[in-house]
Amino acid sequence: MIPEHKRAVLTVDLPEYDLRAGDVGTVVHVYHDGLAYEIEFFTLEGETLDVVTVEAHQVRPVRERDVLHVRERSA
């Protein structure tokens with residue numbers, strides 16, 4: 001389970017939100033002991049892009065050796 005206020009990494013694309021696997025967000029709510037999460041995604045400037053509810057298999061916790069990567073969002 002990923003605790004609230006910790007970062008999570010998308011493992012799938014969510015085209016309806018213009019989010020891609022590898023995008024990083026912050027868990028703002030945990031549903032049903034980790035079966036689903038509400039995650040807020042930001043720009044690097046701190047602007048909220050979206051708050052999305054995802055199932056546990058669609059995200060993973062940040063790992064020690066993960067590296068941030070920048071992409072421009074199309075929308």
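FYI, it's all coordinate maths here, none of it is from the lab. Just so it is clear, the structure is predicted and the values come from calculations on it, not from any experiment. Every residue, glycine among them, receives a Cβ derived from its backbone with ideal geometry; neighbour counts consider all protein chains shown.
Taking the chain as a Gaussian network of alpha-carbon nodes connected by springs under 10 Å, the highest mean-square fluctuation of the residues GLU38, GLU55, GLU64 belongs to GLU64.
Label-to-label distance for GLU45 and MET1 is 3.7 nm, based on points extended 7 Å past Cα in the beta-carbon direction.
The residues packed around ASP18, meaning those with a beta-carbon under 10 Å from its beta-carbon, carry a net charge of -2 if Lys and Arg are +1 and Asp and Glu are -1. Please express the Cα-Cα pair-distance distribution P(r) of the chain as a list of whole percents, one per 10 Å bin, running from 0 to the bin with the greatest distance. Values per bin, smallest distances first: 20, 58, 22, 1.
Under the simplified labelling scheme, the ARG63-GLU38 pair shows an inter-label distance of 3.0 nm, with each label point 7 Å from Cα along Cα→Cβ.
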